[in-house]
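A short worksheet on the structure shown next.
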């Protein structure tokens, strides 16, 4: 239970620490927006967004404490392999992620649930594409380091692989239900802690939790299985980046069609409808089977590795 206590402390550090750090980031952003050119957008950002960013910052840098505490050692094992093999796995993952959500987007557009925003100019579409690509790389890299390398890696030390996948994927899904509501009150030193309950309001909305929570849990499981399958983060980062690109780009270049069922087709977020569920379920089942096949072959060739690492799954 030692690892679970450490994980609980890590999650509390991220949430409470993010709430305490957010006001200072907000005040710094307001100062920068008024004093420095090019920072004007910081003044318009919701205070809840600062709370989210502060928590993400602490989640990433908190791994410096978490990894040694649970006995995972250095980060180097996540990145081993030659440059060509690593790039190939990242590109393979990106293609799988891109095509899997392209199917969902194509179905939504084909059945009229979404429509192209024809008011956008070619320049606006290009900027949206570049912005989505940049966000895909940054978000995928950060979230895979935190959720797969850190959280899943730590749970794998305590639990069997299946439970570690389920637990880390559930946390991953729940985090994505944190909302960023508008904060109308003056920002004080404790405002970040006060904003946390409002940001968790989405947990009480059943239509958002289902199927959105199930889809995100499957997505997290697929990413964790890819990490366990290959032993490095390259494929998972590519897969995640392929998804993020569609989530960002699809929401900009398409509009919702009136009278369509968002529960079935999803909204601009793309992954909150039932249509994406069977695709993620099939991919997860395939990777689980491949993981089991690889384990069986490895176990037949070499002694069981009880070190708790991922090397035997590579």
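The values are calculated or read from the model by the stated rules, or taken from the named source; none is laboratory data. All values derive from a computational prediction rather than experimental measurement. Here the Cβ positions follow ideal geometry from the backbone for every residue, glycine too, while neighbour counts run over all protein chains shown.
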Hits in the range 125-165 (condition: over 19 Å from residue 239 (Cβ atoms) and free of Cβ contacts under 8 Å to residues at least 60 places away in the same chain):
126, 127, 130, 159, 160, 162, 163
Spans of helices (runs of 4 or more DSSP H) in the range 1-102 with at least 1 residues closer than 22 Å to residue 150 by Cα:
2-35, 47-61, 63-69
Just one of 81, 93, 112 is loosely packed, with under 13 Cβ neighbours inside 10 Å and either within 24 Å of residue 249 (Cα to Cα) or at pLDDT below 90 (or both); which is it?
112
Mind checking which pairs have a first residue in the range 32-53 that is over 16 Å from residue 22 (Cα atoms) and a second that is part of a helix (DSSP H, G or I) and modelled with pLDDT of 80 or more, Cβ under 6 Å, 6 or more apart or different chains?
39/32; 39/33; 40/33
Would you say residue 52 is more than 20 Å from the chain's Cα centre (by Cα) and under 30 Å from residue 184 (Cβ atoms)?
no
Does residue 244 satisfy being within 23 Å of residue 203 (Cα to Cα) and at pLDDT 95 or above?
yes
With 225, 216 as the choices, which residue is under 17 Å from the mean Cα position of the chain (by Cα), within 30 Å of residue 22 (Cα to Cα) and either surrounded by 18 or more Cβ atoms within 10 Å (Cβ to Cβ) or in contact (Cβ under 8 Å) with a residue 12 or more places away in the chain (or both)?
216
Is it the case, given these coordinates, that residue 105 is in contact with a helix residue (DSSP H, G or I) (Cβ under 8 Å, 6 or more places away or on another chain), in a helix (DSSP H, G or I), at pLDDT below 95 and within 16 Å of residue 269 (Cα to Cα)?
yes
Kindly state which helices (runs of 4 or more DSSP H) lie completely within the range 116-216 and contain at least 2 residues that are closer than 18 Å to residue 57 by Cβ.
122-143, 161-175, 191-199
